[in-house]
């Protein structure tokens with residue numbers, strides 16, 4: 001059964017590039033500064049600090065490299081362990097495994113899809129160095145409880161806020177809860193520059209060294225700040241600087257942040273309002289936003305009653321020109337997860353969610369008829385359709 005020619009194709013994601021980004025990008029292209037830490041990097045960093053409400057931020061080439069930078073800051077070595085949710089993207093795991101350390105996978109909470117803090121304690125060993133968590137779909141982790149567990153064992157908390165820019169828990173911005181917090185500006189995110197990321201620090205003991213590691217192991221930033229008369233190689237590190245070209249795009253996106261969020265939240269609310277009754281009738285689950293959390297509208301997902309139904313659902317939507325997608329795997333069951341990681345207890349919730357979660361198209365500027373086409377496609381589905 002092919003696509004009905006009266007229906008348009010609705011992609012899962014459509015990266016937005018607006019007028020503000022175009023203006024800022026033209027400034028860079030007309031300048032003689034394309035590499036990292038130029039004027040646009042400074043402006044985009046300042047705007048990001050304002051959005052997250054944090055005292056500092058460093059732009060990086062990706063969220064993955066921000067996580068790798070975190071591992072360097074912790075001096076992870078072979079045999080060290082970092083606890084993380086099993087339902088997760090590979091970035092958190094490889095940022096640990098690349099240094100010979102061990103990702104320790106923990107199950108998730110079914111409602112929030114975040115790490116289950118009640119499971120963390122049993123995963124802590126004498127080799128544990130950190131707890132690395134994800135604010136899934138922009139919903140905050142149980143940070144008070146996680147912080148309490150971490151403090152008892154002197155562990156660093158790493159907050160992956162790739163889904164949660166602009167979100168808040170009880171008025172406090174996501175991306176400000178970890179000792180180290182990271183962001184993503186990949187083109188699937190609300191605010192994007194194609195590829196990019198950032199890292200921020202509540203624990204300021206990491207900041208000065210991060211500037212060195214980020215700048216290829218040199219004290220170049222101290223030289224630029226007038227603190228030393230020349231710079232040299234002083235530590236480990238890598239090339240983590242975001243190009244000023246991409247920083248310009250990011251700055252433009254951040255300038256239009258409120259407009260982008262308004263559009264995405266309207267789409268999210270349209271899905272939620274239209275699909276709740278259908279979901280209950282067809283044994284699907286809609287997203288849950290706990291009290292105190294804001295909605296970042298990063299994604300709208302549904303939980304199908306089984307993998308078979310989920311796969312059938314995706315297939316039927318595809319026939320209607322709607323690109324719906326599943327999400328993370330349960331990393332502890334993957335080839336690399338088995339080889340490089342370990343698991344203490346069964347991760348049954350992570351396994352179930354990995355097999356049943358499906359995400360609907362959601363991007364800035366979706367037209368009413370496109371939103372309606374997605375909603376109609378979902379409402380027409382039943383297990384026997």
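Annotations for the structure displayed:
- Look at where the Cα atoms of segment 355-381 and of segment 74-137 average out, and the two centres are 32 Å apart.
- The residue 283 and residue 56 beta-carbon pair, evaluated with R₀ = 45 Å, returns a calculated FRET efficiency of approximately 0.45.
- Inter-probe distance in nm under a simple model that places probes 7 Å from Cα toward Cβ, at residue 325 and residue 338: 2.6
- The Stokes-Einstein estimate for segment 146-298, based on a Kirkwood radius over Cα pairs and taken at 20 °C with 1.002 mPa s viscosity, is a diffusion coefficient of 116 µm²/s.
- Evaluated over segment 319-370, the Cα radius of gyration and Dmax, each in Å: 16.2, 48
- C-alpha long axis of helix 39-52 to longest principal axis of the chain, angle in °: 60
- Cβ-Cβ distance of residue 345 and residue 19, R₀ of 41 Å, FRET efficiency by 1/(1 + (r/R0)^6): the value works out to about 0.20.
- Relative to its residue count, the chain spans a Cα convex hull of 143 Å³ per residue.
- Take the Cβ atoms of residue 276 and residue 172, set R0 to 41 Å, and the FRET efficiency comes out at 0.90.
- C-alpha long axis of helix 307-319 to longest principal axis of the chain, angle in °: 80
- On Cα atoms only, tilt of 63-73 relative to the major axis of the chain in degrees: 40
- Dividing the mean sequence gap of close Cα pairs (under 8 Å, 6+ apart) by how many residues segment 19-255 holds gives a relative contact order of 28 percent.
- With a simple spin-label model that places each label point 7 Å from the Cα along the Cα-to-Cβ direction, the separation between residue 46 and residue 77 comes to 4.3 nm.
- From the Kirkwood radius over Cα pairs of segment 237-385, Stokes-Einstein at 10 °C and 1.306 mPa s returns a whole-number translational diffusion coefficient of 89 µm²/s.
Each reported figure results from applying straightforward, stated rules to the coordinates on display, with no laboratory input. Only a predicted model underlies this, so the values are computations on that prediction, with no experimental measurement involved. A quick note on method: Cβ atoms are made from the backbone with ideal geometry, for glycine too, and the neighbour counts reach across all protein chains shown.
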